[in-house]
Amino acid sequence: MDFSFTEEQEMIRRMVRDFGQKELAPGYAARVKAGSVPPEMIKKIADLGLMGLNIPEQYEGQMKDAVTTGVILEELARHADDAAYLVFNNYAQANFVVLGNDDLKREWLPAMARGRKIVLMAATEAEAGSDLANLKTIARKDGDYYILNGEKNRVTFLQQGHAATVLARTDPSSRRLTPFLVPLDLPGVTRAPIADLGTESTGGGIMSLEDVRLPGKYRLGDEEGKGFYAAMRTFDCVRAFGALESLAKADVTLQETLDYARQRVQFNRPIARFQGVSFRLAEAATRIELGRWLCYRVLWLKDKGLPHSKEAAMVKWWCPKTAFDIIHECLLIHGHYGYSKDLPIEQRLRDAILPEIGDGTAEIMKSIIVREILGREYLDF
Ligand SMILES: Cc1cc2nc3c(=O)[nH]c(=O)nc-3n(C[C@H](O)[C@H](O)[C@H](O)COP(=O)(O)OP(=O)(O)OC[C@H]3O[C@@H](n4cnc5c(N)ncnc54)[C@H](O)[C@@H]3O)c2cc1C
């Protein structure tokens with residue numbers, strides 16, 4: 001066993017940390033207030049090679065293994081949730097776009113790697129969340145085109161995106177889903193914003209598709225009903241990315257809270273001298289350490305080509321909840337200062353809820369674990 005990172009990974013960590021401290025963290029509150037990320041900021045992230053981590057070199061990407069991607073996302077999330085989202089999202093969407101034909105890949109992948117085009121995920125619908133197979137969006141074949149109708153509720157970063165991977169059904173009687181790359185400027189595509197609790201700079205929206213005429217080349221995957229399963233087969237590791245990001249936010253909050261507890265004096269001594277405070281900090285440090293290494297084990301398994309669905313589901317439910325609890329605890333240790341918007345903790349607390357829902361809730365993750373340890377017949381759906 002070897003728990004160390006390579007020299008290159010440590011170098012990348014330092015580079016991203018430096019960028020995060022200087023470029024990302026200072027403007028996060030302003031971006032949250034504006035509800036958007038300026039294109040210049042996206043370009044800076046892309047110029048560091050971070051938007052192409054899952055895009056082949058021939059399409060101007062900078063492919064990295066899963067552990068290295070985890071290091072990058074962990075560092076980004078320490079400083080700014082929106083930057084971590086953009087890099088995470090590109091990693092996930094590249095998995096779909098590489099299933100397109102050569103024309104499509106040449107048009108979209110370099111633009112994604114350079115941060116000029118942002119592709120979003122449009123799977124969830126009003127009646128299809130955890131039960132994605134229940135989605136209603138239809139893509140009807142019409143000669144060399146598909147005609148798309150449906151509504152995607154919700155899509156992160158919708159106001160700023162350029163295209164979305166839309167999951168649709170080509171055969172209303174089949175449960176098989178087909179992904180399509182849908183440029184958001186096509187006639188018939190409309191967007192409406194959603195006012196969110198947190199992560200406002202990557203705010204969500206509702207995407208409507210009304211008789212959208214999409215050239216057949218925008219179908220992802222060799223055949224109808226194939227692409228979604230092809231992309232998802234290699235997808236479990238993204239759950240560990242989200243989990244690592246959650247813990248990174250908890251860890252940065254814990255570090256701030258350690259400093260605060262050392263210098264905040266009540267009853268003539270630093271509050272860190274009260275076990276009622278220091279034990280909570282010790283527990284938080286323990287939980288971060290536990291979760292973080294299971295995340296890296298998931299990524300290590302992915303890099304070795306070994307199965308990791310069960311472990312990925314474990315970190316996906318446990319780490320976001322743990323991170324939320326730790327940030328909450330740290331906020332309380334800051335007393336009334338923690339409650340104020342002058343400190344970043346309340347924003348992090350709100351941001352920390354997203355990964356408890358997005359990309360699959362705790363109950364769905366536990367169902368995956370049940371399937372792995374007991375068998376599919378023990379699932380109640
Ligand atoms: C901030 C945010 C951003 C998002 N961004 C995107 C995006 O960009 N693209 C996209 O496609 N989707 C996105 N989503 C949607 C997300 O993937 C879904 O919210 C998620 O899959 C859960 O679906 P749902 O919200 O419809 O909840 P539901 O499926 O309705 O679940 C409601 C509750 O019931 C529980 N539940 C459901 N089924 C079961 C079961 N079988 N057993 C036990 N409990 C169950 C759930 O755990 C949950 O607590 C985003 C969500 C959030 C919150």
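Between residue 293 and residue 223, the FRET efficiency from the beta-carbon distance, with R0 = 56 Å, is close to 0.90. What trypsin sites (Lys or Arg not before Pro) does the range 105-135 have in DSSP loop regions with at most 15 other beta carbons within 10 Å? Passing both the DSSP loop test and the Cβ count: 116. Most simply put, the range 80-237 has about 85% antiparallel DSSP beta bridges, counting only bridges with both residues inside it.
At 0.36 nm per residue, and after removing the present C-alpha to C-alpha distance, how many nm does the segment from residue 321 to residue 233 gain when stretched out fully? If you can, show how the numbers build up before the last one.
Working: separation 88, 0.36 × 88 = 31.68 nm, distance 2.55 nm.
Answer, rounded to one decimal: 29.1 nm.
Think of it as helices only: each DSSP H run of n ≥ 4 in the chain is worth -39500 (n - 2.57), and spread over all residues that comes to -15500 deg cm²/dmol at 222 nm. Net length available on complete extension from residue 171 to residue 159 is 1.3 nm, with 0.36 nm assigned per residue and the Cα-Cα distance removed.
Report the full-extension gain for the segment residue 210 to residue 4: residue separation times 0.36 nm, less the Cα-Cα distance, to one decimal in nm.
69.0 nm
Pull up the DSSP beta bridges for the chain and report the antiparallel fraction as a percent, rounded to 5. So the antiparallel bridges in the chain amount to around 85 percent.
Using a 1.4 Å probe, what is the accessible area per residue for the chain, in Å²? All intermediate terms of the calculation are to be shown ahead of the outcome.
Working: 18090 Å² over 381 residues.
Per-residue value: 47 Å².
Distance distribution P(r), the range 293-381, all Cα-Cα pairs, bin width 5 angstrom from 0: 3, 14, 18, 16, 16, 13, 9, 6, 4, 2, 0 percent.
Determine, from the Cβ-Cβ distance of residue 116 and residue 62 and an R0 of 22 Å, the FRET efficiency 1/(1 + (r/R0)^6), rounded to the nearest 0.05. Before the final figure, lay out the partial values.
Working: r = 15 Å, r/R0 = 0.70.
Given R0 = 22 Å and the Cβ-Cβ separation, E is 0.90.
Each label point was placed 7 Å from the Cα along the Cα-to-Cβ direction; for residue 379 and residue 13 their separation is 3.6 nm. Let me know the shape class of the chain, please: from the alpha-carbon gyration tensor, a ≥ b ≥ c as square roots of the eigenvalues, rounded when a/c is under 1.5, otherwise prolate if a/b is greater than b/c, or oblate. Here the chain falls in the prolate category.
Taking all protein chains in place and a 1.4 Å probe, what share, in percent, of the accessible surface of the range 74-114 do carbon and sulfur account for? Please list the in-between numbers first.
Details: 420 of 1020 Å².
Looking at the range 74-114 in its full context, I get 41 percent from C and S.
With 20 Å as the limit, the listed pairs 226/302; 249/316; 249/341; 105/141; 316/366; 105/226 have 226/302; 105/141 beyond it between alpha carbons.
If I take R0 = 51 Å and measure r between the Cβ atoms of residue 103 and residue 274 in this structure, what FRET efficiency does the formula 1/(1 + (r/R0)^6) give, to the nearest 0.05?
On the way: r = 65 Å, r/R0 = 1.27.
The computed FRET efficiency comes out at 0.20.
Directionally averaged projected area (the range 119-222, Cα convex hull): 6.5 nm². Listed peptides 149-161, 57-69, 187-199 appear in the order 149-161, 57-69, 187-199 once ranked by packing, highest mean of other Cβ atoms within 10 Å at the front.
The values are calculated or read from the model by the stated rules, or taken from the named source; none is laboratory data. Keep in mind the model is a prediction, meaning the values are calculated, not measured. As a convention, Cβ positions derive from the backbone with ideal geometry for all residues, glycine included, and neighbour counts pool all protein chains shown. In case anyone asks, the SASA skips ligands and DNA or RNA and just uses the protein heavy atoms, side chains included. Shrake-Rupley method; radii C 1.70, N 1.55, O 1.52, S 1.80 Å.
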